[in-house]
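The values are calculated or read from the model by the stated rules, or taken from the named source; none is laboratory data. Because the structure is predicted, anything quoted here is derived from the model rather than measured. Note: ideal-geometry Cβ built from the backbone for every residue, glycine included; neighbour counts use all protein chains shown. Heads up: the accessible areas ignore ligands, DNA and RNA and are worked out on the full protein's heavy atoms, side chains in. Shrake-Rupley method; radii C 1.70, N 1.55, O 1.52, S 1.80 Å.
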Amino acid sequence: MVATPDVIQSSEFSAPVSGDSKVAVLLMGYGEVESYDDFANYNEQALNLLTAKFAPVPTWVYPPLAKLLAAFDLHEWSHQHGNFISPHNAIFEAQRAGIEANLQERWGDRVKVFKAFNFCKPFLPDQVLEQVKQEGYDKLLIYPLLVVDSIFTSGIAIEQVNDALAKLSDGSSHWVQGMRYIPSFFDAPDYIDLLARMVEEKIQHDLAVAHLPSQTGIVLMNHGCPHEAKGFTSGIDESQKLYDRVRDRLIQKYPLISVGWLNHDTPLIQWTQPNATLAARNLIDLGATALVFMPIGFATENHETLLDVEHIIEGLRRKRPDVTYVQMPCVNDRPDFLAMVATWADKPIADLFDAEALAINPALAAAQAAAVHSHHGHSHDHHLTGADGHHHDHGHHHDHGPHH
């Protein structure tokens with residue numbers, strides 16, 4: 001394992017002496033179905049949570065569309081890949097266990113890592129949060145891991161967590177007494193260094209003997225994003241910044257580098273460009289005799305980084321068999337990656353232990369909304385509290401009628 005400065009600094013955090021709070025780290029990914037029978041259900045949930053935020057498709061279309069997509073999946077996975085079973089869930093479990101082992105070295109068993117999958121039973125967020133509650137964890141760190149852009153996709157995680165917490169509410173006092181969130185690690189220097197190091201090591205090991213650095217093209221693959229997502233931030237900015245930083249580490253040695261977006265090319269949607277195929281063609285046009293495909297926008301292997309990239313390479317090889325193509329893995333469960341992921345959680349965990357417990361009464365939410373609503377039914381007096389603690393009525397009434 002390579003010790004990074006962040007890993008060394010983590011010793012400043014240690015288990016707190018007093019109090020009986022416990023922190024659950026909720027590590028969130030998509031999950032992938034491992035049998036064809038589950039596909040239609042998986043697709044329907046994915047359509048509801050993901051596609052609904054950017055595609056102009058009415059919700060009644062989802063169940064039949066999910067079945068149609070499942071038919072395509074059967075063709076792709078069974079016929080073309082000999083009943084492919086995605087390694088995603090096993091890798092994600094290895095990530096969970098490794099991150100937990102790293103954290104428990106510092107925090108003991110007052111910190112536990114739970115995995116939650118957006119689309120796969122029995123690890124749906126409501127199922128996992130029920131277990132978190134039963135085991136007496138009263139503070140929550142929400143940590144999306146699979147997709148590095150995370151701002152859009154982890155919004156889906158938050159949506160599911162909020163649904164689950166609403167169902168698991170205890171009436172007048174909420175069992176969750178503290179909450180933190182890690183939105184993304186697109187700008188974490190140790191992650192960026194690791195990606196660049198993996199690419200350099202692969203080139204030196206496999207390609208340097210036969211290809212000049214200027215002939216060695218690198219496609220850095222990001223999670224594809226729609227340009228319009230009904231006002232939701234879609235993760236393009238974070239992904240672009242991640243790509244820029246990894247490219248900056250490599251470009252002085254290897255000048256032929258392009259981003260390649262792994263898009264779900266749905267009709268009617270404008271996706272990020274260039275896609276990985278176009279990126280590769282462009283680099284070949286510029287004289288690349290070897291191409292390295294490195295996923296940077298995914299931390300865990302999944303059917304996009306495996307099957308989709310395989311298909312892209314097969315298509316390119318048919319037209320240009322003279323070029324050497326190298327498909328690289330995600331960071332997955334590399335010990336150095338799991339160590340850094342754990343250090344990124346140290347500060348929010350320390351904050352959760354230090355912070356005073358939140359005292360939330362969920363029953364007050366509806367009452368508050370009603371009170372605010374009835375207040376806005378009347379004229380808008382601004383009562384400002386002055387330094388003397390008294391209300392000062394500035395007495396302007398807002399006339400919402402037309403101004404002449």
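Points to keep in mind about this one:
- Glu314/Glu356 FRET efficiency (R0 41 Å; Cβ-Cβ; nearest 0.05): 0.10
- Here each label is just a point 7 Å from Cα along the line to Cβ, and for Asp244 and Lys347 those points are 2.1 nm apart.
- Gain on full stretching of the segment that runs from Leu278 to His205 - 0.36 nm per residue minus C-alpha separation: 23.6 nm
- The label point for Ala369 and the one for Ala90, both projected 7 Å from the Cα toward the Cβ, are 4.5 nm apart.
- Shape class for the stretch 84-127: oblate, because the ratio a/c of the largest to smallest gyration tensor axis (alpha-carbon atoms, square roots of eigenvalues) is 1.5 or more and b/c is at least a/b.
- For the stretch 160-229 versus the stretch 117-137, the gap between their alpha-carbon centres in whole angstrom: 22
- Using a probe of 1.4 angstrom and keeping all protein chains present, the accessible surface of the stretch 258-366 works out to 42 square angstrom per residue.
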